[in-house]
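Following: one structure in structure tokens, then a few remarks.
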Amino acid sequence: MNSPLATQPLSQAADLDSFWMPFTANRQFKARPRMLQSAEGLYYTDVQGRQILDGTAGLWCCNAGHGRREIAEAVSRQISQMDFAPTFQMGHPLPFELAERLAEIAPAGLNRVFFTNSGSESVDTALKIALAYHRARGEGTRRMLIGRELAYHGVGFGGISVGGIPNNRRAYTTLPHVDHLPHTLDVQNNAFTRGLPAQGAELADQLERLVTLHGAENIAAVIVEPMSGSAGVILPPVGYLQRLREITRKHGILLIFDEVITGFGRVGAPFASQRWGVTPDLMTVAKGLTNGAIPMGAVLLDGELQEALMQGPEGQIEFFHGYTYSGHPVAAAAALATLDIYAREGLLTRAAELEAYWQEALHSLAGHPHVIDIRNTGLVGAVHLASRDNAPGSRGYEVFERSFWDGLMVRCTGDIIALSPPLTIEREQIDRLVDILGNALRQTA
């Protein structure tokens with residue numbers, strides 16, 4: 001049966017009060033709801049029948065576009081055959097097969113996979129693996145975790161602690177033994193750079209300062225997003241990630257890449273670590289793993305880390321951690337079907353093929369009102385707007401809302417408009433995206 005929202009005017013629709021929406025100004029939204037009803041290819045359709053070009057791949061996750069029948073059929077077959085199976089002291093074939101498939105496309109050496117249900121869970125899992133690894137090797141003093149300002153690592157207590165977005169942290173208790181590197185956003189020196197900014201690699205040397213302050217023997221891991229998506233597409237300066245790798249390796253500190261957003265083709269390679277030539281010790285993924293169809297995440301790690309925990313009696317649990325739905329059969333079926341699509345259609349590298357066209361199209365917006373920076377890499381981009389006096393974020397929200405009612409879905413992070421269309425986008429849709437966004441920029445005072 002259709003939802004009441006699909007058949008009635010919004011004023012007559014079901015009460016909107018019961019659902020407390022995540023990361024949403026609920027009162028603002030419910031005053032003028034934006035309701036999506038269906039999706040196919042590059043477009044959503046709202047409850048009024050309007051087509052909305054998806055400029056964000058859902059929420060950075062629908063990399064192969066919407067309505068992929070192969071995924072739906074795989075899910076249907078699996079849920080009919082076996083809806084659930086535990087992976088505590090039991091097993092079923094699909095997560096083992098999926099782990100092998102992921103290891104085949106991952107950076108060399110990241111050949112062990114721990115399954116989760118989201119990016120947030122993946123981050124907390126990776127942090128726990130890092131701490132357990134050092135303890136198993138007799139270096140239990142390594143308890144400190146290093147994150148970065150403006151980073152987003154999900155909403156678990158571990159993730160918000162190493163994360164660096166103030167509003168995600170200030171209302172909650174965070175973990176002890178955490179410090180932060182400075183962020184790499186430098187509009188003054190790098191505005192309108194095409195691709196990775198040339199200046200800023202030296203910011204990685206701040207890790208040496210933290211090592212001196214806390215002692216290498218006390219630091220377990222450094223976690224960074226290769227590209228900070230949720231903070232507004234903050235790109236790594238040329239050489240920055242390489243420098244982090246050098247410093248962490250020198251001091252025996254594990255390096256974790258949070259590739260929840262950058263994974264599965266977003267920046268032009270299967271993973272950002274491959275695009276930019278830096279292999280971490282652990283890597284978190286989610287979102288594009290199942291094309292957003294079923295919640296699933298994972299931690300990919302160097303096999304040596306797992307081996308360090310394979311000590312003691314054979315019947316002893318080595319890592320006291322996991323989730324009821326780790327390696328869920330239906331999620332694994334969705335992920336395997338998704339990987340088949342990526343491989344068959346060449347989507348894991350397609351962003352590199354479209355990057356030049358995408359870059360030129362985005363930078364054509366440079367002369368529009370209030371635009372102070374444009375950033376891009378692969379098939380991701382940001383249009384950074386000047387903030388209004390005493391009303392930060394209001395200009396970005398207006399552009400976001402105007403774009404929606406004109407037929408384009410974008411993301412706004414404060415006064416930054418973030419773009420990450422499905423990897424199936426064509427040049428015609430890129431042009432349409434830029435036209436709608438440009439019109440919204442012109443209309444916003």
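The values are calculated or read from the model by the stated rules, or taken from the named source; none is laboratory data. This structure is a prediction, so every number in the text was calculated from the model and none was measured. All Cβ positions, glycine included, derive from the backbone under ideal geometry; neighbour counts span all protein chains shown.
Brief remarks follow.
- Looking only at the range 347-372, and only at residues there that are of a type in the set (Gly, Ala, Ser) and within 20 Å of Cys61 (Cα to Cα), the one that is surrounded by the most Cβ atoms within 10 Å (Cβ to Cβ): Ala351
- Tally, over the range 218-237, of residues that are in contact with a Lys or Arg (Cβ under 7 Å, 6 or more places away or on another chain), within 20 Å of Thr377 (Cβ to Cβ) and not in a loop (DSSP other than H, G, I, E, B): 1
- Criterion applied to Gly154, Gly164, Gly159 was being in a loop (DSSP other than H, G, I, E, B), in contact with a Ser or Thr (Cβ under 7 Å, 6 or more places away or on another chain), surrounded by 15 or more Cβ atoms within 10 Å (Cβ to Cβ) and assigned by TED's automatic domain parsing to the domain that holds Lys287, and the one residue passing it is Gly154.
- Residue in the range 178-192 that is under 18 Å from Thr284 (Cβ atoms) and either modelled with pLDDT under 95 or surrounded by 21 or more Cβ atoms within 10 Å (Cβ to Cβ) (or both) present: yes
- Number of positions in the range 131-141 that are among the basic types (Lys, Arg) and crowded, with 24+ Cβ neighbours inside 10 Å: 0
- Criterion: modelled with pLDDT of 95 or more, in the same structural domain as Asp435 (by TED's automatic domain parsing) and among the hydrophobic types (A, V, I, L, M, F, W, C) - qualifying residue of Ala298, Ala351, Ala334, Ala293: Ala351
- In this entry, Val123 passes the filter for residues that are over 14 Å from Ala333 (Cβ atoms), touching a residue at least 40 places away in the same chain (Cβ under 8 Å) and part of a helix (DSSP H, G or I).
- Of the helices (runs of 4 or more DSSP H) contained entirely in the range 21-85, those carrying at least 1 residues that are surrounded by 12 or more Cβ atoms within 10 Å (Cβ to Cβ), charged (D, E, K, R) and more than 24 Å from the chain's Cα centre (by Cα) fall at 26-31, 69-81.
- Residues that are assigned to a helix (DSSP H, G or I), under 22 Å from the mean Cα position of the chain (by Cα) and charged (D, E, K, R) are absent from the range 110-117 altogether.
- Scanning the range 176-217 for residues that are touching a helix residue (DSSP H, G or I) at 6+ places or on another chain (Cβ under 9 Å), assigned to a helix (DSSP H, G or I) and more than 30 Å from Glu360 (Cα to Cα) yields Asp205, Leu207, Glu208, Val211, Ala216.
- Being in a helix (DSSP H, G or I), under 15 Å from Leu379 (Cα atoms) and within 24 Å of the chain's Cα centre (by Cα) holds for only one residue in Leu433, Leu423, and it is Leu433.
- The residues on offer are Arg344, Arg375, and the sole one that is among the basic types (Lys, Arg) and surrounded by fewer than 22 Cβ atoms within 10 Å (Cβ to Cβ) is Arg344.
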